[in-house]
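*Asks:* The structure under discussion is supplied below as structure tokens; questions concerning it will follow.
Just so it is clear, none of the values below were taken in a lab; they were calculated from the coordinates. Everything numeric in this text was worked out from a predicted model, so none of it was measured. Cβ placement follows ideal geometry from the backbone for every residue including glycine, while neighbour counts extend to all protein chains displayed.
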Amino acid sequence: MAEKALPPLRDVIAAHGLAARKSLGQHFLFDLNLTGRIARSAGDLTRGTTIEIGPGPGGLTRALLDAGARLVIAIERDDRAIAIQQEIADAYPGRLEILAGDALAIDAALLGEAPRRIVANLPYNISTALLIGWLRKAEAFESLTLMFQKEVVDRLAAQPRSGEYGRLSVITQWRCEVRPLFNIAREAFTPPPKVISTVVSLTPRALPLAAARMESLEKVTAAAFGQRRKMLRSSLKALGDAEALLATAGITPTARAEELAVEDFCALARAFDASRTGNPDKPN
């Protein structure tokens with residue numbers, strides 16, 4: 001618990017003039033029951049480092065520290081919120097570090113000591129870009145407990161032959177086990193977003209689901225789902241000889257992207273590498 005009492009979040013916002021900025025994708029969560037639930041969903045916080053993105057007024061930051069986090073590193077680009085975070089740091093001596101900057105430009109895999117976990121109510125306008133960056137170094141994290149728009153979590157967890165299944169589904173499930181946890185209503189936020197939010201748990205796999213290079217997996221999924229209504233022999237033409245790629249991967253040319261499992265896309269990624277070099281690069 002805090003060594004000294006902190007004022008209610010609404011009083012903090014008023015004192016610092018922290019009106020949410022649309023340009024930063026800010027939607028503040030004041031409900032302590034919900035922030036506490038998110039913190040508890042992240043598991044054991046007493047080891048290693050907990051990384052939070054865009055803490056704003058610090059509702060989740062407080063919850064993480066109250067849940068026993070050994071060290072929280074909060075990444076924040078809004079100067080108004082940094083002053084608030086310093087007040088929280090003073091109340092929890094030695095347990096909160098504030099890192100001023102853009103989370104997209106910071107390598108979270110290098111922050112603090114392992115085991116590392118990310119727990120965050122992500123700014124919606126950069127949430128997918130952040131996730132892709134973390135997936136490239138998924139082995140650096142014990143877990144990621146993240147809040148997205150519900151439609152994004154639906155895509156993360158989607159299975160083949162569903163309308164939500166796409167390149168984000170493939171890349172995320174290749175590196176992580178995906179477990180949607182609970183929804184949060186619009187009305188819980190200030191200001192209310194236009195959509196329902198969902199908290200999801202991503203647990204990095206000890207090894208990727210199948211051998212592949214992420215760069216190549218991104219390319220084949222982008223091509224395949226970029227024209228998802230077309231057969232793969234047509235949608236993959238941008239990558240070269242589509243028929244040959246599909247034959248090498250053992251996939252029927254008349255299949256469509258949404259019909260393929262994650263492992264099938266990995267086979268396509270390996271075939272793509274082989275088509276360029278004659279000898280696929282060592283997979284991730």
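*Asks:* With +1 on each Lys and Arg Cβ and -1 on each Asp and Glu Cβ, and nothing else charged, work out how big the dipole of the chain is about its Cα centre, in Debye to the nearest 20.
*Replies:* 680
*Asks:* Right, another one. I'd like the distance separating the alpha-carbon centroids of the stretch 212-264 and the stretch 132-158, in whole Å.
*Replies:* 23
*Asks:* Mind listing the long-range amide H neighbours of Leu181? Cut-off is under 5 Å, sequence gap 5 or more, other chains count too, H placed in the peptide plane at 1.01 Å from N.
*Replies:* Val199, Val200, Ser201
*Asks:* If you don't mind, there's one more thing I want to ask. Could you give each residue of the stretch 246-255 its phi-based ³J(HN,Hα) in whole Hz, using Karplus coefficients 6.51, -1.76, 1.60 with θ = phi - 60°, and x for Gly or Pro?
*Replies:* 5, 5, 4, 7, x, 10, 5, x, 8, 5
*Asks:* At 7 Å along the Cα-to-beta-carbon direction for both Arg161 and Gln227, put a label point, then send me their distance in nm to one decimal.
*Replies:* 2.5
*Asks:* Shifting gears a bit: For the ranges 140-146, 163-169, what's the packing order if you count other beta-carbon atoms within 10 Å of each residue, average per peptide, and put the highest first?
*Replies:* Top of the packing list down: 140-146, 163-169.
*Asks:* In nm, to one decimal, how far is the Val195 label point from the Ala14 one, both placed 7 Å along Cα→Cβ?
*Replies:* About 3.3 nm separates the two model spin labels.
*Asks:* Quick one: the Cα spread of the stretch 205-277 along its three principal axes, in angstroms, biggest first?
*Replies:* Computed over the stretch 205-277, the largest-to-smallest principal extents equal 34, 26, 19 Å.
*Asks:* In addition: Taking only Cα atoms, what is the 0 to 90° angle, nearest 10, from helix 79-91's long axis to the longest principal axis of the chain?
*Replies:* 60
*Asks:* Taking each pair of different alpha-carbon atoms in the stretch 1-124 once, compute 1/r for the pair, average those values, and report the inverse of that mean as the Kirkwood hydrodynamic radius in Å to one decimal.
*Replies:* Hydrodynamic radius (Kirkwood, Cα only) of the stretch 1-124 equals 14.3 Å.
*Asks:* Taking the Cα atoms only, what angle lies between the long axis of helix 32-41 and the longest principal axis of the chain, rounded to 10 degrees?
*Replies:* Roughly 50 degrees, rounded to the nearest 10.
*Asks:* Could you work out the Kirkwood radius for the stretch 151-230, taking every pair of different alpha carbons, averaging 1/r and inverting it, reported in Å?
*Replies:* Its Kirkwood hydrodynamic radius stands at 14.1 Å.
*Asks:* What are the extents of the Cα atoms of the stretch 126-284 along their three principal axes, listed from largest to smallest and rounded to whole Å?
*Replies:* 53, 34, 21
*Asks:* Can you list residues whose amide H is under 5 Å from Ile51's amide H, if they're 5+ apart or on another chain and H is modeled 1.01 Å from N?
*Replies:* The list, which skips near neighbours in sequence, is Ile73, Arg117, Ile118, Val119.
*Asks:* What distance in nm separates the simple spin-label points at Ala100 and Ala114, each placed 7 Å from Cα in the Cβ direction?
*Replies:* Output for this residue pair reads 3.2 nm.
*Asks:* What is the stretch 155-247's relative contact order, in percent, from Cα pairs under 8 angstrom and six or more apart in sequence?
*Replies:* 22
*Asks:* Now for a different question. Under the classification rounded if a/c is under 1.5, otherwise prolate if a/b is larger than b/c and oblate if not, where does the stretch 70-152 fall, given a ≥ b ≥ c as square roots of the Cα gyration tensor eigenvalues?
*Replies:* Taking the square roots of the gyration eigenvalues as a ≥ b ≥ c, the stretch 70-152 is oblate.
*Asks:* Just name one of Val178, Ala108, Pro93: the one whose Cα is farthest towards the positive end of the charge dipole of the stretch 74-186 (beta-carbon charges, Lys/Arg +1, Asp/Glu -1).
*Replies:* Result: Val178, furthest along the dipole toward the positive end.
*Asks:* Looking at the chain only, what percent of DSSP beta bridges run antiparallel? Nearest 5 please.
*Replies:* Looking only at bridges with both residues in the chain, the antiparallel portion is about 50 percent.
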